[in-house]
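K.L.:
So that we are looking at the same thing, I have put the structure below in structure tokens.
No value in this document is a laboratory result; all are computed from the given coordinates. Treat the numbers as computed from the prediction; the structure is a model and nothing was measured. Neighbour counts run over all protein chains shown; Cβ positions are idealised from the backbone, glycine included.
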Amino acid sequence: MTSSEITQEREGSRVYATPNVEHVSMGGPIRGIAFWAIVLPLWLFAYGKPTFDEATLKSRAPFLFGAVIASFVWSKVVSGIRVAAEWEKGVILTFGKFSEVRGSGVFYVMPFVETVRFIDTRVQVINIPRQRAITKDNVPVVIDGALFLSVKNPGLAVTKVQDYRFATSQYAQSALRDVVGSSNLDELLSEREKIQEQIASIVGEKVRDWGLGVDSIQLQDFDLPEDLKKVMSRQASAEREKRATITKAEGDRLAAINLAEAAKLMAENPIALELRTLQTIDGLAGSPSNTVLLYPMELGNALKFLGKGMQESNGLANE
């Protein structure tokens, strides 16, 4: 694991990533080459002939002592060569006072006079651990999330706050609890984007003075009490049943309207009624288990007409 170490929280099965933001030294090879490129010829010159007898050592002792001193001094001079990666900036303190920002690339830091602290300017992720809060309608919830931020001004990030990652994390936790406490449970569940924007706005306004910028805050999980989950499940089930009943009633109403219009159309067009009857007979005849008895429609109409005439004659006789 080169860029991060994965740690698992023993509360459930959540896995959090702990980013590794330490400076990776890339100037070691350059310092080594610069040191030996001067020290090795210096020692060869100080020792002289390639023999190891006692007389030679005594005669060359002043040169060897000077080579030791020169090597020590040169090692301190070379130690000031530093390399910052493309995403890093070096904050320079001269005798403890902020002076400038250097990098990226190779730059020099004066030994004993200047010190450097490397700052990662990429987007960094800070975990917001599980926070217990109470909503405006007195519902206890447990929320966790992730904060995405980057360093905009490395000088302020070093001189204005002791540990900007820790400070931002603590402030984000406090802001999350404040926003959750001023919101209802329904708002938390249905307007997550709005809640995230509110928290990001609060945190971003504060950390701007520290030279930081908040990209976004993502709320990852909501944990509710078990009894509340059961109530919400029953409410959702009742809501689905309500919609199903309304949908069925609406379908029955539309079917009744369509049947009434069809009956009206058939009453105005007797041929349409006969065609519909023939279609029904054809559908019943498709199954061998059905027995169809045909009744002439003309006979039925004649009997209906005869019955109507008899009723009219009886009425006239009674008068």
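K.L.:
Hey, which of these cross-link pairs are over 24 Å Cα-Cα: Lys76/Lys152; Lys76/Lys160; Lys76/Lys97; Lys136/Lys160; Lys97/Lys160; Lys160/Lys206?
P.N.:
Lys76/Lys152; Lys76/Lys160; Lys136/Lys160, as the Cα separations exceed 24 Å there.
K.L.:
Also, quick follow-up: Can you give the FRET efficiency for Asp137 and Glu226, using 1/(1 + (r/R0)^6), R0 = 25 Å, r = Cβ-Cβ distance, to the nearest 0.05?
P.N.:
Here the calculated transfer efficiency is 0.90.
K.L.:
Sticking with this structure for a sec: Below 8 Å, C-alpha to C-alpha, sequence gap of six or more: please give me the relative contact order for region 111-177 in percent.
P.N.:
Contact order relative to length: 34 percent.
K.L.:
Oh, and also: What net charge is computed for the residues neighbouring Lys136, neighbours being all others with C-beta under 11 Å from the C-beta of Lys136, Lys and Arg scored +1, Asp and Glu -1?
P.N.:
-3
K.L.:
Quick one: net charge of Ala249's neighbours, Cβ under 14 Å, K/R +1, D/E -1?
P.N.:
With Lys, Arg at +1 and Asp, Glu at -1, the net is +1.
K.L.:
Next question, about the same structure. Just want to confirm a number: the relative contact order over region 124-224, from Cα pairs under 8 angstrom separated by 6+ residues, in percent.
P.N.:
40
K.L.:
Further question: Pop a pseudo-label 7 angstrom from the Cα along the beta-carbon direction at both Glu86 and Lys304 and give the gap in nm to one decimal.
P.N.:
The modelled label-to-label distance comes out at 8.9 nm.
K.L.:
Using a 10 Å cut-off around each Cβ, can you sort Leu42, Leu64, Leu265 from fewest to most neighbouring Cβ atoms?
P.N.:
Leu265, Leu64, Leu42
K.L.:
Next question. Count charges around Ala34 for me, please; just the other residues with Cβ under 15 Å from its Cβ, Lys/Arg as +1, Asp/Glu as -1.
P.N.:
+3
K.L.:
Taking other Cβ within 10 Å of each residue's Cβ, how do Val179, Val39, Val78, Val24 sort, fewest first?
P.N.:
In order of increasing Cβ crowding within 10 Å: Val24, Val39, Val78, Val179.
K.L.:
Would you mind checking region 188-228 for residues with the amide N under 13 Å from a putative spin-label position 7 Å along Cα→C-beta of Ala146?
P.N.:
216-221
K.L.:
State the extension gain, in nm to one decimal, for the chain segment bounded by Arg122 and Ser75, taking 0.36 nm per residue of separation less the distance between their alpha-carbons.
P.N.:
13.7 nm
K.L.:
OK, next. Give the calculated FRET efficiency between Asp163 and Ala61 to the nearest 0.05, with a Förster radius of 45 Å applied to their Cβ-Cβ distance.
P.N.:
So, using R0 = 45 Å, E works out to roughly 0.30.
K.L.:
Under the classification rounded if a/c is under 1.5, otherwise prolate if a/b is larger than b/c and oblate if not, where does region 21-120 fall, given a ≥ b ≥ c as square roots of the Cα gyration tensor eigenvalues?
P.N.:
prolate
K.L.:
In what order do Met266, Met110 fall by count of nearby beta-carbon atoms within 10 Å, going from fewest to most?
P.N.:
By the 10 Å Cβ count, ascending: Met110, Met266.
K.L.:
Just to verify a number: FRET efficiency for Thr247 and Arg208, C-beta to C-beta distance, R0 = 51 Å, to 0.05?
P.N.:
The formula returns an efficiency of 0.45 here.
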